[in-house]
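Mind looking over this structure? Questions follow.
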Amino acid sequence: MNWAPRVKPIKIRRLYRYTRLGIYDDLLLHDVGWELYARCTDIATVADVYREGRVPCPECSTKIARRIDPLFSTGEGGTHENWFYCPHCAKRLLWRDCRQALRDTPRCFDCRSVLQKADDLECVCGKTWSPAAYKQSMRTRVRLPCPHCLNLIRKPDPPPRGRTVRTRKSRSELQCPKCQAVALHQHGNIECTACGYKRRWRDYRKSLKKKDEKLECPNCRYTFGWQAWRQSARSLRTGNPRPARDFIKRWLRCHTPQQRMIQIDTLLQTLHGRGPLAPLFIDSGEHNIRQMLDDLAS
């Protein structure tokens, strides 16, 4: 994949130096802003791969569905059984997405209006909550607004957890790595019913993680390995892609130099508060990046 490079610190320092003097260099704003946008887009793309299991082709960017092993989670939020679809907008989400949307933007549970933040959380319909009471109510409610369409949805029932369900699923999907016959997960081992192959279950799981998967694009017929793609995206992997997603949404709405500078500053201050994220965006060592962000914040 032709990933976007990280932004040079010297460009960011020069941009802030000019802005402090009241000078908006359109060319420099354009370079820094769109380089950050390209980097954020790549970070969001990699996060979507681990979230949805669909890998973009390095040649034509067509998304290819992985044959994800059922023994592992899909990443960024849990296993297949924990996902559900909103009955109103059909968006795929997790229950924790509904709670996180209310943490970012508190809304009234009845009219879904944005709450005004003062000493207490106040709604235009007259209802008020203390911050602690609002958090407690959000944790205990079984109906919350969808983060996409704001319609109330019900918390899905937890997936069944029983030894019989797991064993039935394993019997239909596990294969012996030696003879490809049906294998069973029992007594802490994987055991083949045909050739007698037997191995510790923990070691078998580790071997599956290292196994390379060949992916073929249905559009251009390009073939590549999952491990090679995963290695190329190693510098873009993060468990917190929200700052990148927020910048992508807001940057396209900017029409003036002031608005662009505000969005760049908002992203950098977010990275300042979440230190491990900054090296994904800025091309320098972790100590130098921290020192630069400290200087910009002061």
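Counting only other residues whose beta carbon sits under 11 Å from that of residue 23, what net charge do I get with K and R as +1, D and E as -1?
Net local charge, residue 23 excluded: +1.
Keeping every protein chain present and rolling a 1.4 Å probe, give me the accessible area per residue for segment 1-154 in Å².
Spelled out: the 1.4 Å probe surface of segment 1-154, per residue, equals 56 Å².
Please name which of 40, 151, 23 has its Cα lying farthest along the dipole of the chain towards the positive end, using unit charges on Cβ (Lys, Arg +1; Asp, Glu -1) and the Cα centre as origin.
151
Quick one, what does Rg over Rh come out to for the chain if you take C-alpha atoms and the Kirkwood Rh?
In the chain, Rg relative to Rh is 1.04.
Hand me the trypsin sites (Lys or Arg not before Pro) from segment 236-298 located in a DSSP loop with no more than 14 other Cβ atoms within 10 Å, in residue order please.
Here the sparse-neighbourhood loop sites are 253, 274.
Going down the table (178/198; 91/155; 135/155; 178/206; 117/249), which pairs top 19 Å between alpha carbons?
Over 19 Å Cα-Cα: 117/249.
Do any trypsin sites (Lys or Arg not before Pro) in segment 194-234 lie in a loop, going by DSSP, with at most 11 other beta-carbon atoms within 10 Å of their beta carbon, and if so which?
Those satisfying the criteria are 211, 221.
So, one more: How far, in nm, would the chain grow between residue 132 and residue 181 when pulled straight, counting 0.36 nm per residue and subtracting the alpha carbon separation?
Full-extension gain reported as 12.1 nm.
Say R0 is 41 Å: what FRET efficiency, to the nearest 0.05, do residue 61 and residue 189 get from their beta-carbon distance?
Efficiency, from the Cβ-Cβ distance: 0.45.
Could you tell me whether segment 86-136 comes out rounded, prolate or oblate from its Cα gyration tensor? Rule is a ≥ b ≥ c as square roots of the eigenvalues, rounded for a/c under 1.5, then prolate if a/b exceeds b/c, otherwise oblate.
Prolate is the answer for segment 86-136, as a/c is 1.5 or above and a/b outweighs b/c.
Which whole-number percent is the relative contact order of segment 191-298 (Cα, under 8 Å, 6+ apart)?
That works out to 13 percent.
Shifting gears a bit: Got the relative contact order for the chain handy, in percent, Cα pairs under 8 Å and 6 or more residues apart?
21
Then there's this: Mind pulling the angle between the C-alpha long axis of helix 286-297 and the longest principal axis of the chain? Nearest 10 degrees, somewhere in 0 to 90.
Here the helix axis deviates by roughly 30 degrees.
Please give the contour-minus-distance gain from residue 100 to residue 214: 0.36 nm per residue of separation, less the Cα-Cα distance, rounded to one decimal in nm.
Once the chain is fully extended between residue 100 and residue 214, it gains 37.5 nm.
How far apart, in nm, are the 7 Å Cα→Cβ label points at residue 207 and residue 31?
Distance between the two pseudo-spin positions: 5.3 nm.
Can you give me the angle between helix 95-104 and the longest principal axis of the chain, using Cα atoms only, in degrees from 0 to 90, rounded to the nearest 10?
10
What 222 nm value per residue comes from the helices of the chain, counting each DSSP H run with n ≥ 4 as -39,500 (n - 2.57) and dividing by all residues, nearest 500 deg cm²/dmol?
The per-residue figure over the chain is -13500 deg cm²/dmol.
The values are calculated or read from the model by the stated rules, or taken from the named source; none is laboratory data. Because the structure is predicted, anything quoted here is derived from the model rather than measured. Positions of Cβ are generated from backbone atoms using ideal geometry, with glycine treated the same way; all protein chains shown enter the neighbour counts. To get the accessible areas, we keep the full protein, side chains included, count just its heavy atoms, and leave off ligands, DNA and RNA. Shrake-Rupley method; radii C 1.70, N 1.55, O 1.52, S 1.80 Å.
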